[in-house]
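So the structure is just underneath, and the comments pick up after that.
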Amino acid sequence: MKEFPYSESKDTRSGFGAGLHELGKTNENVVALCADLTGSLKMDAFKKDFPERFFQVGIAEANMMSMAAGMTIGGKIPFTGTFANFSTGRVYDQIRQSIAYSGKNVKICASHAGVTLGEDGATHQILEDLGMMRMLPHMTVINPCDFNQTKAATIAIAEHEGPVYLRFGRPVVPNFTPADQQFEIGKAVMLNEGADVSIFATGHLVWKAILAGKLLAEKGIDAEIINIHTIKPLDAAAILQSARKTRCVVSAEEHQMNGGLGDSIAQLLAREEPLPLEMVAVNDSFGESGTPDQLMEKYGLMENDIVAAVERVMARKK
Amino acid sequence: MSQSSSANVQTETPPVQQERSIAELKQIASQVRRDIVRMVHAVNSGHPGGSLGCTDLLVALYFRIMKHNPDFSMEGHNEDLFFLSNGHISPVFYSVLARSGYFPVSELATFRKLNSRLQGHPATEEGLPGVRIASGSLGQGLSVAVGAAQAKKLNKDDRTVYVLMGDGELNEGQVWEAALYAPHRQVDNLIAIVDRNGQQIDGSTKEIMNLGSLRAKFEAFGWRVLETDGNDLEKLIASLEEARQLLGQGQPVMVLMDTQMGAGVDFMMGSHKWHGVAPNDEQLEKALQQLLVEEASDY
């Protein structure tokens, strides 16, 4: 098992803030809209240095989404910022009609996704957002794993013409991916080559998968670990290549089992290469109040949950 | 003639419209109304009532008021832009676009049919020139227009953004989010128009969701408000010209336009019953007899 050294832990939302600030300097068409959560979204630096391109919209997410769509008509590249819940479920119809169906170049940037939002509880902990966004034609869906990757993804999506959903979170996680990485939309990242099982993880679960890989190595299991930062378009070639080698698959995500990464992989495998799959995800339940760590444990999203899933899926392997 | 001062916008200025007389505009409006009733009759579906009621407005905008380029570009730099928020009145939008030269008039025959660019509600998916965003699910167009108007300001493009909404549409909460935002941000290159026909699907707006005084409401939100007769071309044009004079003063402008649903066809007028119902053969003939044009050029 490879080592993944890191010097500090940081939140992915700060990666977004850093990437957006960078874009402010390099791309004059980038504008930012925020629904009264500038601090939470780490958009302060952009707001301070590019005030004429920062639009405070107040607590009015529907207006924000349609307005962003309108701004693209003048050639702007709007980045909207609010919590993942208010970036998706609250404004699904605005996104569907004004952004996705209209093919508008809006970047929907969503923080505090999943149970790691913590104490605020289930009203704010969206676990269905990847599914909702992935169902929309024309939408690209990205869920990076750490600060550096979120920053790189933020910069990369400005160059991509078309609507994008970029999901990130609140807690600090090890910042282990390279600071100088080139983020390629739709291209899975091989983290550890292995022979016994393929683990496909996204977002915060990528680090958990690395921790699981170490535990598995102690048990003599050689896990292949791949970071699926882009849920749509899914890197089918990378997933199939790995699955065909190891003959069994585990998916891991901070999301409902319905509609998320595991679902996407299940569809692919069912069509192309039926192989056993176990999903580490929230099983048809809302979250609740608690610390992020307590919630990750209670909802079965820890490294030991991935290890257990690997053991189950390897027992099913033919 | 104002030259674009924007550094990042390099487009040709669209041709200035020739000034058409009221008599000419009336002829065009009659032809557009003929198109509307024929389009909805042909597919036995669509929304004639609101389309007929807003015909004079769209004719005034596209044939007199707006500077626009039928050689369509999505971004529309240095052009006036129009957004149709109440997308169900697509027949009038399509007819006016076609007759302004955005696409062949003959294409009106494909309205609501399979593989057409003329979807039931306006869309960009099929690439129909003149349509800049999908609409149909109500309440989104004012926000879109506010966004487009702000993009124009960033681009130092001094043209105007127009948006039309239905009065029933004002039931939607999002409209009021945008209504609060636009004066706060001083979006003063925007003219919003409400088609106040007093009807929505289930009955009169008074009965379904009473809007009360829209003038008082929008003024309280910080808009400049004008009221006009949306079926009198002379008054309508005068009001739109007055609205333009009010731009650039820190406030968005709202034109409350009284119309008759079904205007131009006596048996369709003033009732919500023709909101989403097409005429039969006999009713079509009767309607066309009332919509006379010196030289009809039906598609």
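Once R0 is set to 56 Å, what does the formula 1/(1 + (r/R0)^6) return for the Cβ-Cβ distance between A:Ile59 and A:Glu272, expressed as a FRET efficiency to the nearest 0.05?
Working: r = 45 Å, r/R0 = 0.80.
Rounded to the nearest 0.05, the efficiency is 0.80.
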Worksheet item: Which GluC sites (Glu not before Pro) does the stretch A:1-94 hold that lie in a coil by DSSP with at most 14 other beta carbons within 10 Å?
Response: A:Glu3, A:Glu8
Worksheet item: Other chains near A:56-64: what is the mean number of their Cβ atoms within 10 Å of each residue's Cβ?
Response: 6
Item to complete: May I have the convex hull volume per residue, in Å³, for the Cα set of chain A?
Response: 117 Å³
Fill in: Where a label projected 7 Å from the Cα of A:Lys2 along Cα→Cβ would reach, residues of the stretch A:215-246 with amide N under 12 Å
A:224-227
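Evaluate E = 1/(1 + (r/R0)^6) for B:Ile201 and A:Arg244, where r is the Cβ-Cβ distance and R0 equals 60 Å; express this FRET efficiency to the nearest 0.05.
Details: r = 55 Å, r/R0 = 0.92.
Here the calculated transfer efficiency is 0.60.
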Response to the item:
Projected onto the charge dipole of chain B (unit charges on the beta-carbon of Lys, Arg, Asp and Glu, signs +1, +1, -1, -1), the Cα from B:Val146, B:Gly127, B:Met261 with the largest positive-side position is that of B:Val146
Item to complete: Shielding by partners for A:92-104, please: the mean number of other protein chain Cβ atoms within 10 Å of each residue's Cβ.
Response: 5
Worksheet item: Averaged across the residues of B:131-138, what count of C-beta atoms belonging to other chains lies within 10 Å of each residue's C-beta?
Response: 5
Discussion item. Taking the number of other C-beta atoms within 10 Å as the exposure measure, put A:Asp293, A:Asp129 in order starting with the fewest.
Written reply: A:Asp293, A:Asp129
Practice prompt. Set the Förster distance to 22 Å, then compute FRET efficiency between B:Ala23 and B:Phe267 from the Cβ-Cβ distance, nearest 0.05.
Written response: 0.25
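Using Cβ counts within 10 Å as a stand-in for footprinting exposure, how do A:Ser9, B:Ser85 rank, fewest first?
On the way: A:Ser9 14, B:Ser85 30.
Fewest-to-most ranking of A:Ser9, B:Ser85: A:Ser9, B:Ser85.
Mind sorting B:Trp223, B:Trp176 by how few other Cβ atoms lie within 10 Å of their own Cβ, fewest first?
The most exposed by this proxy come first: B:Trp176, B:Trp223.
Go ahead and estimate [θ] at 222 nm for the protein assembly as shown from helices alone: -39,500 (n - 2.57) per DSSP H run with n ≥ 4, summed, over the residue count, rounded to 500.
Taking each H run of at least 4 residues, the total per residue is -11000 deg cm²/dmol.
If you place +1 on the Cβ of every Lys and Arg, -1 on the Cβ of every Asp and Glu, and leave all else neutral, what size is the dipole of the stretch A:11-174 about its Cα centre, to the nearest 20 Debye?
Numbers: 15 positive and 16 negative charges, 40 e Å.
Once rounded to the nearest 20, the dipole reads 180 debye.
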Fill in: DSSP bridge orientation in the protein assembly as shown - percent antiparallel, rounded to nearest 5
15 percent
Response to the item:
With Cα coordinates, the longest principal axis of chain A makes an angle with the long axis of helix A:205-218, in degrees rounded to 10, of 20 degrees
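Holding the Cα-Cα limit at 25 Å, pick out from A:Lys47/A:Lys208; A:Lys25/A:Lys104; A:Lys76/B:Lys235 the pairs that are longer than that.
On the way: A:Lys47/A:Lys208 34 Å; A:Lys25/A:Lys104 23 Å; A:Lys76/B:Lys235 37 Å.
Among A:Lys47/A:Lys208; A:Lys25/A:Lys104; A:Lys76/B:Lys235, the Cα-Cα distance tops 25 Å for A:Lys47/A:Lys208; A:Lys76/B:Lys235.
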Discussion item. Please list, by residue number, everything in the stretch B:36-60 whose backbone N is under 12 Å from a paramagnetic label point 7 Å out along Cα→Cβ of B:Asp232.
Written reply: none
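From Cα pairs below 8 angstrom and at least 6 apart in sequence, can you work out the relative contact order of the stretch A:215-318, rounded to a whole percent?
Working: 114 pairs, mean separation 29.1, N = 104.
Contact order relative to length: 28 percent.
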Discussion item. Using just the Cα positions, wrap chain B in a convex hull and report its mean projected area in square nanometres, one decimal place.
Written reply: 14.4 nm²
Discussion item. If I model a spin label at A:Asp49 and B:Lys286 as a point 7 Å from the Cα along the Cα→Cβ vector, what separation in nanometres do I get?
Written reply: 6.9 nm
Fill in: B:Leu81 long-range amide H proximity, modeled H, under 5 Å
B:Thr160, B:Val161, B:Tyr162
Worksheet entry | Radius 14 Å from Cβ of B:Thr205, net charge of other residues (Lys, Arg +1; Asp, Glu -1) | -4
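Looking at chain A, what % of its DSSP beta bridges pair antiparallel, to the nearest 5? The partial results should precede the final answer.
Values: 8 of 42 bridges.
Beta bridges within chain A, antiparallel portion: roughly 20 percent.
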Worksheet item: Taking the C-alpha atoms of the protein assembly as shown, how large are the radius of gyration and the largest Cα-Cα span, Dmax, in Å?
Response: 27.3, 90
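Only bridges with both residues in chain B count here: give the DSSP antiparallel percent, nearest 5. Can you show the working numbers first?
Working: 2 of 24 bridges.
Once the DSSP bridges in chain B are tallied, antiparallel ones form about 10 percent.
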Worksheet item: Hey, what angle do you get for helix A:12-26 against the long axis of chain A, alpha-carbon based, 0 to 90 degrees rounded to 10?
Response: 50 degrees
Worksheet, complete the sentence: Counting only residues 5 or more apart in sequence or on a different chain, those whose built amide H sits under 5 Å from that of B:Val225 are B:Met254
Worksheet item: So what's the Cα pair-distance distribution over the stretch A:11-174, bin width 10 Å, in %?
Response: 12, 46, 37, 5, 0
Worksheet item: Distance in nm between label sites at A:Lys219 and A:His160, each 7 Å beyond Cα in the beta-carbon direction?
Response: 3.4 nm
Worksheet, complete the sentence: Expressed in angstrom and rounded, the centroid-to-centroid distance over alpha carbons for the stretch B:233-287 and the stretch A:212-243 is 61 Å
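Kindly give Rg over Rh for the stretch B:145-299, based on alpha-carbon atoms, with the Kirkwood expression for the hydrodynamic radius. Present the calculation step by step, with values, prior to reporting the outcome.
Working: Rg = 17.8 Å, Rh = 17.3 Å.
Rg divided by Rh gives 1.03.
What percent do you get for the relative contact order of chain B when only Cα pairs under 8 Å and 6+ apart count?
Values: 600 pairs, mean separation 72.5, N = 299.
In percent, rounded to a whole number, it is 24.
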Discussion item. Tell me the net charge near B:Phe221. Cut-off is 13 Å between Cβ atoms, B:Phe221 excluded, with +1 for each Lys or Arg and -1 for each Asp or Glu.
Written reply: +2
Item to complete: Taking 7 Å along the Cα-to-C-beta vector as the label spot, tell me the B:Ala109-B:Asp158 distance in nanometres, rounded to one decimal.
Response: 4.6 nm
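Counting pairs of alpha carbon atoms under 8 Å apart in space and at least six apart in sequence, what relative contact order in percent does the stretch A:111-265 give? Intermediate results must be reported in sequence, preceding the final value.
Values: 304 pairs, mean separation 44.5, N = 155.
Value for the stretch A:111-265: 29 percent.
Bear in mind that the values in this text are calculations on the coordinates, not laboratory data. Given the structure is predicted, the values throughout are model-derived calculations rather than measurements. All Cβ positions, glycine included, derive from the backbone under ideal geometry; neighbour counts span all protein chains shown.
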